[in-house]
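Below you'll find the structure, written out as structure tokens, and then a few comments.
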Amino acid sequence: MGSYAELYVGRLLAASSKNDIMPDIVGLFQRDEFHSVEPGSPQVPSPLKAHYLEAPDYPEAEESYVSQIHYYATNLSEIRERLEYLGYSSENVRKAFYAWRDRNVAWKREMVEKYQHRDTKAFGKELQREANELSQISLEDWVEATKELISSGSRKCLSVKAGKVLDLVGGDYDLDYGPNYDYLISLRVICDFAHPNEVICYDITDLVHAEYLAVGEDPTGILREHEFDSAADIFRNSKTIVLVEGKSDIRLLKTAMTKIFPRLADRFVFFDYEEFGIPGGAGNLVNLVKSFIAAGVANRIVALFDNDTGAEEALLSIQSIELPRNLKIIKLPDIDLLHEYPTIGPGGHYRLNISGLAAGIELYFGSDILTRSDGSLREIRWTGYSKKAGEYQGELVEKAEVQNQFLKKLANCSSSALREDNEMRHFNDILWSIITAFSQELGDDIVQHAESAL
């Protein structure tokens, strides 16, 4: 008969695997989301309560009784962010759905030609009907049918249209398993309309009791420590290495990522300059990038440069280099605050556009951090001229004070407050650009897998 691991979204069964875990599903969870509890515990998610009862009163049921339930549980809002990190954006899911649909329609129509014999012609007509109906189904049709299913709680209660859509897209479970058995596409679709606090749980109790997994063994931990064989597996599953211009930038970004996106922070390694005795600066960051390329490091790598003259000058040296797929160079963005910012130079005090000249990470902390107690913004002081870039270089005055105030804000505010704080929007955008840096490349892989069906 076998033993099964089952994924539930709310009350509905979304996926199942026999005698083993599903790595893509396990990879969505954190170690601290793994639980081993007694069946009667109030901690047990509602989808599992119906499966596991407390100790039965009659001997005949003792064989099916389990003393411990082993499962992962979180909510859809957490899963959504993790799916975005893996490349499952709304746009990539849309592309994958249509790539899968069109490939399936083409295959069914090809098969129709092969079933023209008298004994198989009826099957050929059925394939033609399915091809015609599938070709008319849009992503929105699938979303609406899935909404109806989640609302009703059962396929038996669906409208005729919703039932037909779900049957054609495919699924042996309550929820569709998605294009080419990519369960993560289905999960990402659900994330766009289901309540963000909807419980998602992955039950591995059966695997533990059948001894496919040891009691207390955490598959998430095993997966995190697994040494992946291929570059493609490393690109998808291993941690992202983040390189920046200096040690203070690392401290600020790492602290902020841990506080603002705590459930994604463990997916990143922030390169520690002090540990390896490497000096900071844009030039040294470029040298580090070249070293990682030469070493053939297969992890995803994000190199974050300031929006200033030093970065412009340093990046000139790698303009002619074809960067590998797993390396992304990001510059701090242009924002309105930079367009008329107070500066100090030999000629006096002027408000100038400092974007591309003197915008370090501190300029994205928000006006509340950059403003002194007297209401004035801390200025940029011009420090020198770059012949290569043909521009002046500047630096924020009282930088250490600004950094300390920002770190205090991170320490004193909750994750949700920091996300909702309008002053934090530009810094949060920088973090999100690091999280989703490889959305296009991962999306290409997702689409390729979807259209390789059959």
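Taking the criterion of being open to solvent by 20 Å² or more (accessible area, probe 1.4 Å) and within 17 Å of residue 73 (Cβ to Cβ), the residues of the stretch 1-15 that qualify are 6, 11, 13. Scanning the stretch 124-163 for residues that are closer than 22 Å to residue 96 by Cα, hydroxyl-bearing (Ser, Thr, Tyr) and part of a helix (DSSP H, G or I) yields 135, 146.
Just so you know, in the stretch 365-398 the residues that are free of Cβ contacts under 8 Å to residues at least 60 places away in the same chain and of a type in the set (Lys, Arg) include one that is nearest to residue 309 (Cα to Cα), and it is 387. Is it the case that some residue within the stretch 252-259 is closer than 21 Å to residue 310 by Cβ, part of a helix (DSSP H, G or I) and at pLDDT 95 or above? Within the stretch 252-259, one or more residues are closer than 21 Å to residue 310 by Cβ, part of a helix (DSSP H, G or I) and at pLDDT 95 or above.
Can you work out which of the residues in the stretch 229-285 that are under 19 Å from the mean Cα position of the chain (by Cα) and free of Cβ contacts under 8 Å to residues at least 24 places away in the same chain is nearest to residue 24 (Cα to Cα)? Residue satisfying both the conditions and the ranking: 233.
Sort out for me the strands (runs of 3 or more DSSP E) sitting completely within the stretch 292-404 that have 3 or more residues that are touching a strand residue (DSSP E or B) at 6+ places or on another chain (Cβ under 9 Å) and among the aliphatic types (A, V, I, L, M).
Values: elements: 301-305, 327-331, 341-345, 348-352, 380-386, 391-396.
Filter on the stretch 292-404 gives 301-305, 327-331.
Picking from residues in the stretch 175-192 that are acidic (Asp, Glu) and modelled with pLDDT of 65 or more, the one that is most open to solvent (accessible area, probe 1.4 Å) is 192. Look at (1) among the hydrophobic types (A, V, I, L, M, F, W, C); (2) in a loop (DSSP other than H, G, I, E, B); (3) open to solvent by 20 Å² or more (accessible area, probe 1.4 Å) and you find that residue 417 fails only one, number (2). As an exercise: evaluate residue 336 against (1) in contact with a Gly (Cβ under 7 Å, 6 or more places away or on another chain); (2) open to solvent by 30 Å² or more (accessible area, probe 1.4 Å); (3) closer than 17 Å to residue 427 by Cβ; (4) acidic (Asp, Glu) and give the number of the one condition it does not meet. Among (1) in contact with a Gly (Cβ under 7 Å, 6 or more places away or on another chain); (2) open to solvent by 30 Å² or more (accessible area, probe 1.4 Å); (3) closer than 17 Å to residue 427 by Cβ; (4) acidic (Asp, Glu), residue 336 violates only (1). Could you say which residue among 231, 295 is modelled with pLDDT under 90 and not acidic (Asp, Glu)? Checking each option against the conditions leaves just 231.
Pick from 200, 222: which is modelled with pLDDT of 90 or more and among the aliphatic types (A, V, I, L, M)?
Checking each option against the conditions leaves just 200.
Name the residue, out of 95, 108, that is modelled with pLDDT of 90 or more, surrounded by 13 or more Cβ atoms within 10 Å (Cβ to Cβ) and in a helix (DSSP H, G or I). Before the answer, list the steps.
On the way: 108 fails: modelled with pLDDT of 90 or more.
The unique qualifying residue is 95.
Here's the yes/no breakdown for (1) modelled with pLDDT of 90 or more; (2) open to solvent by less than 40 Å² (accessible area, probe 1.4 Å); (3) among the charged types (D, E, K, R):
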{"site": "33", "(1), (2), (3)": "yes, yes, yes"}
{"site": "38", "(1), (2), (3)": "no, no, yes"}
{"site": "44", "(1), (2), (3)": "no, yes, no"}
{"site": "49", "(1), (2), (3)": "no, no, yes"}
{"site": "53", "(1), (2), (3)": "no, no, no"}
{"site": "59", "(1), (2), (3)": "no, no, no"}
{"site": "62", "(1), (2), (3)": "no, no, yes"}
{"site": "67", "(1), (2), (3)": "no, no, no"}
{"site": "71", "(1), (2), (3)": "yes, yes, no"}
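The values are calculated or read from the model by the stated rules, or taken from the named source; none is laboratory data. Not measured: the values here are computed from a predicted model. Cβ: placed from backbone, ideal geometry, glycine included. Neighbour counts: every protein chain shown. Heads up: the accessible areas ignore ligands, DNA and RNA and are worked out on the full protein's heavy atoms, side chains in. Shrake-Rupley method; radii C 1.70, N 1.55, O 1.52, S 1.80 Å.
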